């Protein structure tokens with residue numbers, strides 16, 4: 001019996017550790033006259049040739065959007081293919097003909113996070129009709145961090161840069177901050193959910209500093225002058241209709257700005273974000289039931 005248990009654990013461990021995780025940063029450029037490069041982050045695991053993960057477009061911008069991605073990788077031919085599918089969240093207004101999903105196929109050497117990924121992609125709407133194509137250029141996170149760490153060392157050693165500026169322009173901290181979904185003044189984050197019932201958790205993830213908020217659900221005040229603490233406040237939401245939560249900062253505690261950690265739990269999927277607001281500023285989260 002002990003041998004069977006050991007073998008089961010051993011096989012399970014091999015399965016877990018055979019998953020390789022990759023992270024890329026870069027940009028996408030749409031075909032046409034617009035020369036704008038849109039920031040792009042790609043995070044995925046590869047196991048037995050199957051790719052699963054997510055992409056984030058317009059990191060830290062007003063149209064930041066996170067999509068689930070899936071695809072395949074052939075180690076022999078180095079062919080890598082992925083496509084964006086379901087949207088997890090977006091800061092853009094919702095429109096059926098607005099979201100153009102990236103479909104990419106190219107040659108990629110998936111050895112470590114030092115590799116690069118570049119080439120043309122096809123843009124398709126949810127119904128597989130064509131929208132707009134473009135090019136994608138991504139660099140493995142290891143190479144990105146190596147470069148910015150080198151840059152940061154030069155900045156920190158410079159005698160021409162004051163300490164306050166050194167702290168503010170730390171490129172490593174700036175890149176890490178882009179991994180956090182921040183909700184700021186007047187922004188609305190649309191979160192797509194599948195379940196009939198979802199949970200919203202709100203708490204202070206750091207040191208409690210007396211931040212107070214008002215929280216409204218579809219215009220109705222449900223938490224008044226609520227002091228955010230390390231203890232999570234859990235709100236159960238019936239998704240028979242679209243639900244909007246507005247969070248308003250009543251003060252900035254002892255450490256500005258007013259911040260709260262918010263998590264939306266949709267069965268096995270979660271979306272986390274941090275509100276960053278000055279006193280009297282507001283932002284909102286809209287939960288939208290995904291169409292089948």
Problem - Those residues of segment 183-204 whose amide nitrogen sits under 16 Å from the label point placed on residue 234, 7 Å along Cα→Cβ - result: 197-204
Completion exercise
Ranked output for segments 231-242, 43-54 by mean other Cβ atoms within 10 Å, highest leading, reads 43-54, 231-242
Handout entry: Measure of compaction for segment 181-289 (Cα Rg per 2.2 N^0.38 Å)
Key = 0.99
Completion exercise
Between residue 45 and residue 196, the two model label points (7 Å from Cα along the beta-carbon direction) sit apart by a distance in nm of 3.0 nm
Handout entry: Protection-proxy order for peptides 196-204, 33-41, each taking the mean of Cβ atoms within 10 Å per residue, highest first
Key = 196-204, 33-41
Completion exercise
Using alpha carbon centers only, segment 256-292 is separated from segment 198-234 by a whole-angstrom value of 11 Å
Problem - Distance between modelled label sites at residue 126 and residue 74, nm, 7 Å Cα→Cβ extension - result: 3.2 nm
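Please give the length that would be gained between residue 218 and residue 278 if that part of the chain were fully extended, namely 0.36 nm times their separation in residues minus their C-alpha to C-alpha distance (nm, one decimal).
Working it through step by step, the gained length comes to 19.4 nm.
The numbers here are math on the coordinates, done by the rules we state, and not lab data. None of the values given here were measured: they were computed from a predicted structure. Every residue, glycine as well, gets a Cβ built from its backbone with ideal geometry; the counts of neighbours run over all protein chains shown.
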